[in-house]
Amino acid sequence: MIFSLNRIFFSKVEPSRVKARVFNSEKTERTEAQVYDTEYYGGKIRRVEISSSEDAERFSVAVNGKSANPVYFSVYDTVSTEKSTEFLLPDNPPKKLTVMYTPDSSSDQDIIINAYYLDRESQRPRYFCETLVFEARGEQINMRTAANEL
């Protein structure tokens, strides 16, 4: 029994069974993100990699889809409403953060990434937000919008 568990948890993945493809990478003033899919034994794992040149106060990642539950599984806790799922990410995140999840079978989704920063030049506490939106349509993921907002 222990031998079997060691083979499951410590065995190497066969490279021929794993297929990864970077679909899109975009950057705003301080925030950069990449979204890509990896096929793993017939299933799909979507990775959202966020990096920041400055310390962010918060990152938020939301997935909007056509089905009632656009995210099947993630290691992060989530809050779901009809056709939308938001990941519960910690405040004061590291400069590089990766969110991985299993999308629903339709794979037609919008991935919305918000990065919130403290405006250090303001005399009173004020935040601004950088937003990146990716569209996942079948096998393609494309950047839709990037914006800076106060």
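Tell me, what % of the accessible area of the stretch 55-150 is carbon and sulfur with a 1.4 angstrom probe?
47
Can you list the HN-Hα couplings for the stretch 71-81, worked out from phi with the Karplus curve (6.51, -1.76, 1.60; θ = phi - 60°), rounded to whole Hz and with x for Gly and Pro?
Per residue, the Karplus-derived 3J(HN,Hα) values read 10, 7, 8, 7, 6, 8, 5, 9, 10, 10, 10 Hz.
May I ask you to derive the FRET efficiency for GLN140 and LEU89 from their Cβ-Cβ distance with R0 = 25 Å, giving the value to the nearest 0.05?
Working from the Cβ atoms, E equals 0.45.
Considering only protein heavy atoms, what is the solvent-accessible area of LYS83 at a probe of 1.4 Å, reported in Å² to the nearest 10?
90
Let me check something: with ligands and nucleic acids excluded, how do SER80, SER52 order by accessible area (1.4 Å probe), largest to smallest?
SER80, SER52
To the nearest 10 square angstrom, how much accessible area does TYR127 have with a 1.4 angstrom probe?
Number for this one is 110 Å².
The values are calculated or read from the model by the stated rules, or taken from the named source; none is laboratory data. On a predicted model such as this, the values are computed, not experimentally measured, just so you know. Using ideal geometry, Cβ is built from the backbone for each residue, glycine included, and neighbour counts are taken over all protein chains shown. Surface areas here come from the heavy atoms of the whole protein model, side chains and all, with no ligands, DNA or RNA. Shrake-Rupley method; radii C 1.70, N 1.55, O 1.52, S 1.80 Å.
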